[in-house]
Amino acid sequence: MRRKPEIPSIPKHSGKHKEHCTTKCLNEFMDCVKKMEELERQESQIKKLQFPSINEALDWLKEHTPEAPPGTHVAVAGAGFVIAIVGGALFLVPL
């Protein structure tokens, strides 16, 4: 949808109009992206994972390490664990 510039001194469809709108829209879009990334980061930190066995939990963690940062709580066969990384090794530490 085309609109008149918010600043009346900018002629519609001019280079200045395009520059103004592109910059404004890009800034609003980037703000939205940052907010969505922050929400996803927060959700990943509170996400509770549940697995029927320790082997399934470890297999999943090997493939999804970025999705489950250290500190994430994991339930394995009803027992609670927290993900920890020590010396580059991934651990499930009992709670």
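The values are calculated or read from the model by the stated rules, or taken from the named source; none is laboratory data. Predicted model only: the values in this text are computed from it and were never measured. Neighbour counts run over all protein chains shown; Cβ positions are idealised from the backbone, glycine included.
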Starting from segment 52-79, keep only residues that are assigned by TED's automatic domain parsing to the domain that holds L95 and modelled with pLDDT under 85, then list their pairs with residues that are surrounded by fewer than 15 Cβ atoms within 10 Å (Cβ to Cβ) and charged (D, E, K, R) whose Cβ atoms are within a distance under 6 Å, requiring at least 6 positions of separation or different chains. H73/K48
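Could you check, for segment 31-45, whether at least one of its residues is in a strand (DSSP E or B), without any contact (Cβ under 8 Å) to a residue 60 or more places away in the chain and of a type outside the set (V, I, T)? Please lay out each step first, then the result.
Looking only at segment 31-45, we keep the residues that are in a strand (DSSP E or B), and these are none.
No, segment 31-45 contains no residue that is in a strand (DSSP E or B), without any contact (Cβ under 8 Å) to a residue 60 or more places away in the chain and of a type outside the set (V, I, T).
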Could you tell me which residue of segment 1-17 is surrounded by the most Cβ atoms within 10 Å (Cβ to Cβ), considering only residues that are at pLDDT 80 or above and assigned to a helix (DSSP H, G or I)? K16
C21 meets each of (1) outside any helix (DSSP H, G or I); (2) surrounded by 12 or more Cβ atoms within 10 Å (Cβ to Cβ); (3) hydrophobic (A, V, I, L, M, F, W, C) with one exception, condition (1)
Give F91, F29 a once-over and let me know the one that is surrounded by 12 or more Cβ atoms within 10 Å (Cβ to Cβ), modelled with pLDDT of 80 or more and not β-branched (V, I, T). F91
